[in-house]
Amino acid sequence: MEKDNNEQNINIELAYLTIEDYQELKEAMIESYKHMPGSYWKEAHIEKLLKIFPEGQVVVKVNNHIAGCALSIIVKQPLTEEPHTYKEITANYTFDTHNKYGDILYGIDVFIKPEFRGLRLGRRLYDYRKELCEQKNLKGIVFGGRMPNYHKYSNEISPKEYIAKVKSREIADPVIDFQLSNDFYPLRILKGYLEGDILSKEFALLLRWDNIYYQKSSLKTQLNKRVVRLGLIQWQMRPYKNVDEIMEQAEFFVDALSSYKSDFVLFPEFFNAPIMAEFNHLSEPDAIRELAKYTQEIANKLSRLAVSYNVNIITGSMPEMIKGELYNVGYLCRRDGTMERYEKIHVTPDEDRVWGLKGGDQIKVFDTDAGKIGVLICYDVEFPELGRILAEKGMEILFVPFLTDTQNGFSRVRFCAQSRAIENECFVAITGSVGNLPKVQNMDIQYSQSMVFTPCDFPFPVNGIKSEATPNTEMILISDVDLDLLRELHNYGSVRNLKDRRTDIYKVECNI
């Protein structure tokens with residue numbers, strides 16, 4: 001390939017500012033701020049910034065020449081929450097407001113020389129600031145954005161109206177347009193912000209970017225995990241003589257998953273059904289009520305296993321009698337020994353007709369040391385309203401223990417569960433039982449394939465399936481999920497199902 005001799009290679013470098021750069025920096029500032037003669041930082045100012053916060057001062061160079069610069073300090077959030085001027089936020093240009101123990105990165109200057117505009121160099125400077133903010137675990141970035149085209153409209157509209165028209169694309173503003181496209185959002189109009197800024201009529205728009213990875217300092221020694229290991233038990237239905245035998249098998253699986261350092265163990269719906277074989281001579285409603293007498297015992301044993309094996313156990317579900325009514329319930333057994341209860345909200349026509357099961361009324365999100373979780377038992381996942389309610393409460397992982405007899409029933413659970421992952425931007429883990437119970441009425445055949453679903457966007461598998469078990473085979477399925485990927489999806493996804501809902505025309509409400 002022949003190359004034009006007049007064509008020049010462009011080398012772009014992001015570098016820390018040094019005091020040796022000052023003379024070239026000064027010239028770049030003078031050229032960039034021609035509308036404000038004399039508006040450039042003195043060498044003493046740059047020396048001070050480099051002394052108190054060197055990593056906050058960066059330049060972008062093109063072919064070893066300064067093309068732009070970003071300067072910043074760290075301040076306490078309350079300083080940014082009240083109306084202020086540029087002089088006030090910089091402590092009369094002394095930068096004494098800088099606080100290494102602060103929680104907000106405050107941008108005090110960004111510029112690109114006119115000859116280099118159009119190369120998207122400003123984006124590089126802002127990307128660096130965002131990375132610095134995340135690295136230092138700061139809450140976000142704040143700065144006063146100039147409004148350089150406001151002088152053209154100041155006799156006709158207020159600054160507030162101007163910003164509204166910029167946001168609706170009725171007016172173009174090179175600075176504000178750029179900030180809004182880089183995920184900054186407006187907080188308030190600042191009057192008299194930058195002295196001498198005649199183009200903005202000394203108005204500025206206070207803008208903020210939130211660090212979605214910010215973690216509040218905690219005195220607890222236990223840190224919440226962000227990469228979470230899920231352990232799913234695809235349970236084989238087989239004859240068991242008593243509770244001790246079924247718990248022996250349960251402990252075998254808990255032990256195995258604990259040895260792989262799983263954070264959660266998920267059992268299927270009605271995994272304890274084999275015990276009903278002892279009551280097969282009774283009517284179906286009576287037999288399942290006999291099974292319900294073991295629920296508290298099994299839940300307590302699983303809670304002890306959660307502590308012993310240092311794993312959070314979701315007990316699938318079991319029948320339980322409450323004030324004379326039969327419910328389908330389960331328990332979250334945390335590894336710290338605490339327990340919480342969840343209920344199946346929607347009972348199937350068969351559960352109602354054959355057993356007389358009642359639907360519960362608890363829709364809860366549970367806090368754990370490995371994220372916020374929700375549990376929907378089998379048929380419940382086929383009602384999208386429940387998943388949306390849980391998502392609005394902050395759910396990150398949805399667990400779905402199920403029991404299906406045919407592949408038709410499994411497909412309903414499977415495809416609805418995957419839909420919940422996409423529309424609610426969360427992970428969904430499902431597991432059921434396999435095999436046959438010829439001596440248990442209404443529980444004779446089972447079909448299952450355990451799976452972990454994800455949203456469908458670039459950080460996730462293209463088909464939305466993180467992992468899947470072999471169908472109709474007793475086994476465990478282990479899968480790691482990164483909760484921070486959900487934060488990225490919520491804020492920067494190709495589509496944002498939660499944020500883009502038109503709550504002005506529709507919404508889902510919980511009546512309890």
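The values are calculated or read from the model by the stated rules, or taken from the named source; none is laboratory data. Everything numeric here is computed off the predicted structure, so don't read it as measured data. Counting neighbours? That spans all protein chains shown, and the Cβs are built from the backbone with ideal geometry, glycine included.
For the range 124-163, taking the residues that are within 17 Å of L207 (Cβ to Cβ) and loosely packed, with under 14 Cβ neighbours inside 10 Å, the one that is modelled with the highest pLDDT is identified as K160. Within the range 288-304, residues that are closer than 19 Å to V354 by Cβ sit with their Cβ atoms under 6 Å from residues that are at pLDDT below 95 and assigned to a helix (DSSP H, G or I), at 6+ positions apart or across chains, in these pairs: I288/W355; E290/F279; L291/I275; L291/M276.
Condition check for I176 on (1) free of Cβ contacts under 8 Å to residues at least 12 places away in the same chain; (2) outside any loop (DSSP other than H, G, I, E, B): one failure, at (1). Within the range 115-140, the residues that satisfy the criterion of being part of a helix (DSSP H, G or I), closer than 20 Å to N11 by Cβ and not basic (K, R) are E115, F116, L121, G122, L125, D127, Y128. Quick check on the range 55-68. Is at least one of its residues surrounded by fewer than 17 Cβ atoms within 10 Å (Cβ to Cβ), on the phi < 0 side of the Ramachandran plot and at pLDDT below 95? Looking through the range 55-68, at least one residue is surrounded by fewer than 17 Cβ atoms within 10 Å (Cβ to Cβ), on the phi < 0 side of the Ramachandran plot and at pLDDT below 95. The residues on offer are D350, D367, and the sole one that is assigned by TED's automatic domain parsing to the domain that holds N463, assigned to a strand (DSSP E or B) and surrounded by fewer than 21 Cβ atoms within 10 Å (Cβ to Cβ) is D367. Taking the range 384-419 as the range and being farther than 24 Å from D367 by Cβ, charged (D, E, K, R) and either touching a Leu at 6+ places or on another chain (Cβ under 8 Å) or not in a helix (DSSP H, G or I) (or both) as the test, only D405 passes. When each of I198, I176 is tested for being more than 25 Å from the chain's Cα centre (by Cα), at pLDDT below 95, crowded, with 20+ Cβ neighbours inside 10 Å and not acidic (D, E), the lone residue that passes is I176.
Within the range 83-102, being in contact (Cβ under 8 Å) with a residue 40 or more places away in the chain and either hydroxyl-bearing (S, T, Y) or under 23 Å from R487 (Cβ atoms) (or both) holds for T85, Y86, Y93, T94.
Screening K139 with (1) more than 27 Å from E488 (Cα to Cα); (2) of a type in the set (D, E, K, R); (3) in contact with an Asp or Glu (Cβ under 7 Å, 6 or more places away or on another chain) gives one miss only, at (1).
Among residues of the range 34-52 that are at negative phi and in the same structural domain as D109 (by TED's automatic domain parsing), those with a beta-carbon under 8 Å from a residue that is buried (at least 17 other Cβ atoms within 10 Å of the Cβ) and of a type in the set (G, A, S) at least six positions away or on a different chain give the pairs L49/G56.
Answer yes or no: is there a residue in the range 394-407 that is within 22 Å of Y331 (Cα to Cα) and surrounded by fewer than 18 Cβ atoms within 10 Å (Cβ to Cβ). Before the answer, list the steps.
Our first condition is that a residue be within 22 Å of Y331 (Cα to Cα); within the range 394-407, this holds for 394-404.
From what is left, the residues that are surrounded by fewer than 18 Cβ atoms within 10 Å (Cβ to Cβ) are 394.
Looking for residues that are within 22 Å of Y331 (Cα to Cα) and surrounded by fewer than 18 Cβ atoms within 10 Å (Cβ to Cβ), one finds at least one in the range 394-407, hence yes.
Please list, ordered by residue number, the strands (runs of 3 or more DSSP E) wholly in the range 442-506 having 1 or more residues that are surrounded by fewer than 20 Cβ atoms within 10 Å (Cβ to Cβ).
Once the strands (runs of 3 or more DSSP E) in the range 442-506 are filtered for at least 1 residues that are surrounded by fewer than 20 Cβ atoms within 10 Å (Cβ to Cβ), what remains is 465-468, 475-482.
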